[in-house]
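Peer 1: One structure follows; several queries about it will come next.
Derivation of every value follows stated rules applied to the coordinates shown; laboratory data play no part. Bear in mind that the values here come from a model prediction, so they are computed numbers and not experimental data. Cβ coordinates were reconstructed from backbone atoms using ideal geometry, including for glycine residues, and neighbour counts include every protein chain displayed.
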Amino acid sequence: MRLLLLIAWVCFALPALAQERFALVIGNAEYPAGVGRLEHTHEDADRIADALEEVGFHVTLLKDQDRTGMQAAVLKYQGELLDHPGAIGFFYYSGHGVAAAVPGNGRRNFLVPARAPVTRAEQLPLLGYRLDEIIAALSATRAKALFVVSDACRSTLPVSGSKGSGGEEDKGLVPESSVPGMLIAFATAENASAPDDGVFSSALSKEIVQTGQDASLAFLRALQDVATRRDAGRMPFFTPGLIPRDVCFASCDKGIDPGDAATWAEIRTDCEAELYLAAYPKGAYAAAAGVRRKRCQSASQGTPQTSQTAAQRLADELAGIDYASPGFRTWITLRDVAERYGFETLEQLGEEKDPNALGLLGTAYDQGIFVEQDKTRGADLFRSACELGQMVACNNYGAAFENGKGVPVDLAAAVNLFRQSCDGGEMTGCRNLGFMYEKGRGVTQDASEAVRLYRQACDGGE
């Protein structure tokens, strides 16, 4: 889902708001039998990558990287941050990890590359990748804020000096020293093992997309979520690193405040939507509330409503939403209508070829919301919705081609779909098309055209 709905690129008329974001996400699952294959690390990586993309990060997602591949990826990633002083950086790794003694250096954390034939801790300096080397490389950049997340320390690794074997002193990872502006997070407590269960990535990905909280608070809440699902000895932890309070993943001040969400949650009938609009006329759910208010007014004037099915009411509501509004967020609308109408109703409407329902279902399958993640099905639903004129879906279908998520990589197709979306009034499509021109992906690199498209998106509310 590269370059999906919420990528926050610079509005050139307002340079003070420029804050580029780059992420490197690695998920390793392929290990020899002596190390132990992992079942959920690819899903972890997909989950985090999708969340980061949704809040504006340009994400490099890699899987099953050997030591050379991991080192090359970090070197390239460091270069991106060096080329963009003041950017926000996010490094995430899911796979095997272990702390082992290094002569003269105490215990050090090692990430275990894919296919590494590690059989004993003494091999890690040659076969592993030291986490503190990654931290040092990223610390050398002039990034405004950096996040290093090790979702490692899997309990199946049978290496002396790792969890699951040896004495207590050999289990788990150990804390790393951070520098101001760098937050370092671990999926489990010091010297403890972490199961291959996806709990940490699920909690963190949910908090990343939540508005109205700074980045440090997002991590804290993710840890609190994990605490409800794991025993006390396996709690994640992080070193705060003095992250600036104005660094937020989704939004610091333009998102859904708790009162907004809580008020909408209390709305039970169409006529009660008026109460929500009175309190939050420009709230996150104002579009849906406006449709429900109109339905209430129609009913009060004697217009028959009882003959409408739930699917018909949902279709009317979706048709009344301004999808080009800067405040529109697919994931918010998806969760809202699914909770009020039921996901089955949304699926029924999709079977009836409602373009808006098809677009939301595409997001559901692409991100694994309410259903098992299936990016191929997600891309196919985006295609169907796009063919019926749903411009948000055209943008998302283009993103699938740009990144090979559910369809083969096809940059020319991605460019055409971003252009179709942009021409149809979807400013995210304009922004993503600008990115393609900026980087020369699928088109001849053209900085002037990129600036024009970014400005168009910015003027349109992005």
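Peer 1: By how many nm would the segment from Leu220 to Glu339 lengthen if fully extended, with 0.36 nm per residue of separation less the alpha-carbon distance? Don't jump to the answer; show the numbers that get you there.
Peer 2: Details: separation 119, 0.36 × 119 = 42.84 nm, distance 2.64 nm.
Here the segment from Leu220 to Glu339 would lengthen by 40.2 nm.
Peer 1: Using 0.36 nm per residue, how much length does the chain from Thr376 to Ala319 gain when fully extended, once their Cα-Cα distance is taken away? Please report the intermediate quantities before stating the final value.
Peer 2: Numbers: separation 57, 0.36 × 57 = 20.52 nm, distance 2.59 nm.
Stretched out fully, the Thr376 to Ala319 stretch lengthens by 17.9 nm.
Peer 1: Can you compute the modelled spin-label distance between Ala33 and Ala101, with each label point 7 Å from Cα toward Cβ, in nm?
Peer 2: Output for this residue pair reads 3.1 nm.
Peer 1: Can you check what the net charge comes to around Gln420, using other residues whose Cβ is under 15 Å from the Cβ of Gln420 (Lys, Arg +1; Asp, Glu -1)? Show your work: numbers first, answer last.
Peer 2: Working: positive: Arg383, Arg419, Arg431; negative: Glu387, Glu402, Asp410, Asp423, Glu426.
Every neighbour counted, the sum reads -2.
Peer 1: Check cross-link reach from Lys294 to the aspartates and glutamates: straight Cα distance under 17 Å, and skip same-chain residues fewer than eight apart.
Peer 2: Straight-line reach from Lys294, under 17 Å: Asp270, Glu272, Glu274, Asp316, Glu317, Asp322.
Peer 1: Rounded, prolate or oblate: which fits the stretch 34-151 when a ≥ b ≥ c are the square roots of the eigenvalues of the alpha-carbon gyration tensor, with rounded for a/c under 1.5 and prolate only if a/b beats b/c? Please list the in-between numbers first.
Peer 2: On the way: a/c = 2.27, a/b = 1.37, b/c = 1.65.
Since a/c reaches 1.5 but b/c is at least a/b, the shape of the stretch 34-151 is classed as oblate.
Peer 1: Okay, next question. Using the per-residue mean of other Cβ atoms lying within 10 Å as a proxy for protection, in what order, highest first, do the peptides 103-112, 208-217, 358-367 fall?
Peer 2: Numbers: 103-112: 17.6, 208-217: 19.8, 358-367: 27.0.
Result, highest mean first: 358-367, 208-217, 103-112.
Peer 1: Under the classification rounded if a/c is under 1.5, otherwise prolate if a/b is larger than b/c and oblate if not, where does the stretch 48-102 fall, given a ≥ b ≥ c as square roots of the Cα gyration tensor eigenvalues? Please list the in-between numbers first.
Peer 2: Details: a/c = 1.94, a/b = 1.46, b/c = 1.33.
Here the stretch 48-102 falls in the prolate category.
Peer 1: Give me the Kirkwood hydrodynamic radius of the stretch 308-459, using the inverse of the mean 1/r over all pairs of distinct Cα atoms, in Å to one decimal. Provide the component values of the computation, followed by the final result.
Peer 2: Values: mean 1/r = 0.0643 Å⁻¹.
Answer for the stretch 308-459: a Kirkwood hydrodynamic radius of 15.6 Å.
Peer 1: Could you tell me which of the pairs Lys144/Lys206; Lys206/Lys375; Lys206/Lys353 are separated by over 25 angstrom between their Cα atoms in the structure shown? Intermediate values should be presented prior to the final figure.
Peer 2: Working: Lys144/Lys206 23 Å; Lys206/Lys375 19 Å; Lys206/Lys353 30 Å.
Distance filter (> 25 Å) returns Lys206/Lys353.
Peer 1: Next question, about the same structure. Give me the distance between the Cα centres of the stretch 70-138 and the stretch 426-462, rounded to whole Å.
Peer 2: Taking the Cα centre of each part, the stretch 70-138 and the stretch 426-462 sit 34 Å apart.
Peer 1: Would you work out if the stretch 394-462 is rounded, prolate or oblate? Take a ≥ b ≥ c from the square roots of the eigenvalues of the alpha-carbon gyration tensor; rounded if a/c is under 1.5, else prolate when a/b is larger than b/c, oblate otherwise. Walk me through the numbers on the way to the answer.
Peer 2: Details: a/c = 2.42, a/b = 1.34, b/c = 1.80.
Oblate, since a/c reaches 1.5 and b/c is not below a/b.
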